[in-house]
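J.: Here it is: the structure, laid out below.
The values are calculated or read from the model by the stated rules, or taken from the named source; none is laboratory data. Predicted model, so just to flag it, every value in this text is computed and none were measured. Cβ: placed from backbone, ideal geometry, glycine included. Neighbour counts: every protein chain shown. Keep in mind that these areas ignore ligands, DNA and RNA; they rest on the heavy atoms of the full protein, side chains included. Shrake-Rupley method; radii C 1.70, N 1.55, O 1.52, S 1.80 Å.
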Amino acid sequence: QLQASGGGLVQAGRSLRLSCAASGSISSINVMGWYRQAPGKQRELVAVIGSTGTANYADSVKGRFTVTRDNAKNTVYLQMNSLKPEDTAVYYCRMWNTNKYDYWGQGTEVTVSS
């Protein structure tokens, strides 16, 4: 129900833009966000954005990543600049509706080479 895309292999210092679109069966979306899970590590929050556009970021990505949303398209984006090898992970989108029910995307892999 959430389709993520945009991952790939890039060199350190380059950029990628991830997208995640919710299917039409999902309505009343409130908060949208991105998580990531690196090999051998726990899944962690990267960024979240509320319905009014207020965003919060993990300290490790502040100043490099920007989360935005298009409410008309039920889509959330993650612009990732100045990528580092430690950003290598599978990135998952997550959305909550106004009843606090959450949905997860299938994950898109990001690999940053040094």
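J.: Provide the solvent-accessible area of Lys84, counting protein heavy atoms only and rolling a 1.4 Å probe, rounded to the nearest 10 Å².
T.: Rounded to the nearest 10, that gives 80 Å².
J.: Suppose accessible area is computed on protein heavy atoms with a 1.4 Å probe; arrange Tyr103, Tyr91, Tyr57 from highest to lowest.
T.: Sorted by accessible area, descending: Tyr57, Tyr103, Tyr91.
J.: Of the residues Gln79, Gln42, Gln11, which exhibits the maximal mean-square fluctuation in a Gaussian network model of the chain defined by a 10 Å Cα contact cut-off?
T.: Result for the chain, Cα springs under 10 Å: Gln42 fluctuates most.
J.: Can you compute 3J(HN,Hα) from phi for each residue in segment 58-67, using the Karplus curve 6.51 cos²θ - 1.76 cosθ + 1.60 with θ = phi - 60°, rounded to whole Hz and x for Gly and Pro?
T.: 5, 4, 5, 10, 4, x, 10, 10, 9, 9
J.: Place the peptides 43-51, 22-30 in order of packing, highest mean first, counting for every residue the other Cβ atoms within 10 Å and averaging per peptide.
T.: Working: 43-51: 17.2, 22-30: 12.4.
So the order, starting with the most tightly packed, is 43-51, 22-30.
J.: HN-Hα J couplings of segment 17-33 from phi, Karplus 6.51/-1.76/1.60, θ = phi - 60°, integer Hz, Gly and Pro as x?
T.: 10, 9, 10, 8, 10, 8, 6, x, 6, 9, 10, 6, 6, 10, 9, 10, x
J.: Using unit Cβ charges (K, R positive; D, E negative) and no other charged atoms, how large, in debye to the nearest 20, is the dipole of the chain about its Cα centre?
T.: That gives a dipole near 100 debye.
J.: Can you tell me what percent of all Cα-Cα pairs in segment 1-67 are more than 13 Å apart?
T.: Roughly 72 percent, once rounded to a whole number.
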